1. How would you order 187-198, 170-181, 31-42 from highest to lowest mean count of nearby Cβ atoms within 10 Å?
2. Treating region 81-211 as a set of equal point scatterers at the Cα positions, no solvent, please give the Debye-formula log₁₀ I(q)/I(0) at q = 0.10 Å⁻¹.
3. Assuming R0 = 22 Å, can you tell me the calculated FRET efficiency for the pair residue 111 and residue 155, based on Cβ-Cβ distance, to the nearest 0.05?
4. Within the set of other residues whose C-beta is less than 12 Å from the C-beta of residue 91, count the net charge using Lys and Arg as +1 and Asp and Glu as -1.
5. Could you give the dipole magnitude of region 81-211 about its Cα centre, charging the beta-carbon of Lys and Arg +1 and that of Asp and Glu -1, in debye to the nearest 20?
Amino acid sequence: MLVARELSTKQACIIRFIRAFLSEQGYPPSIRDIARGCCISSTSVVVYNLNKLEERGYIRRHGDVSRGIALSSARRDKSRTVSVPIRGEIAAGAPISVPDSENSAVFIGERTDVSADMLRGREGVYALRVKGDSMTDALIKDGDIVLMQYTNVAEAGEMVAVWLRKEGEVTLKRFFPEEKTVRLEPANRQMRPIYTAADNVEIQGRVIGVIRYTP
């Protein structure tokens, strides 16, 4: 499973904005331009993320030059981003209801930018915001965003989004088919698995990546 360790959501937005601004204006954006373009309330937050991007080689900055920001050529392809819809919340704990849905997570209009390298050309990718702590041993915590590839089948042990038909709820767990039943296993030793009938389970996608929540 891929993990977005390098680019946070804000950093991906900043890279995307810098590229678009350079293309349209012919010169780099200012820190205030980036704050407005990425809906970041504080210029200090922009500076913090620009420093992180520079440390990781995505940009070069010239402190003695006005608007002294340049994209690093070695990182340009890797920093290309794709906008992915966030289709709601998913429980990593006790299952939670998904409002106004009979069999799928609801698209709420929010999107997140992710590195194209994470998707590797996959189709049918969407994102869900994690609620709960049942997957912490898999390094997925409350508030993280999981990237999902739509599928209705899964191999034993894969981490999937599962719709429980009878309960009208969706949950994030590892999938283990067991004859006529299915075991939905949390990645948290303090929590117990969910056992349910195989015909009560509808797989909605497998996890292909994680975006860490950074408050």
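Computed from the coordinates by the stated procedures, all read-outs in this text should not be read as laboratory data. Given the structure is predicted, the values throughout are model-derived calculations rather than measurements. Every residue, glycine as well, gets a Cβ built from its backbone with ideal geometry; the counts of neighbours run over all protein chains shown.
1. On the way: 187-198: 13.6, 170-181: 17.4, 31-42: 15.2.
In decreasing order of mean packing, 187-198, 170-181, 31-42 become 170-181, 31-42, 187-198.
2. One equal scatterer on each Cα of region 81-211 leads to -0.28.
3. 0.15
4. Details: positive: 129, 131, 173; negative: 89, 133, 142, 167, 169.
Charge balance near residue 91 sits at -2.
5. Values: 16 positive and 20 negative charges, 32 e Å.
Dipole about the Cα centre, nearest 20: 160 debye.
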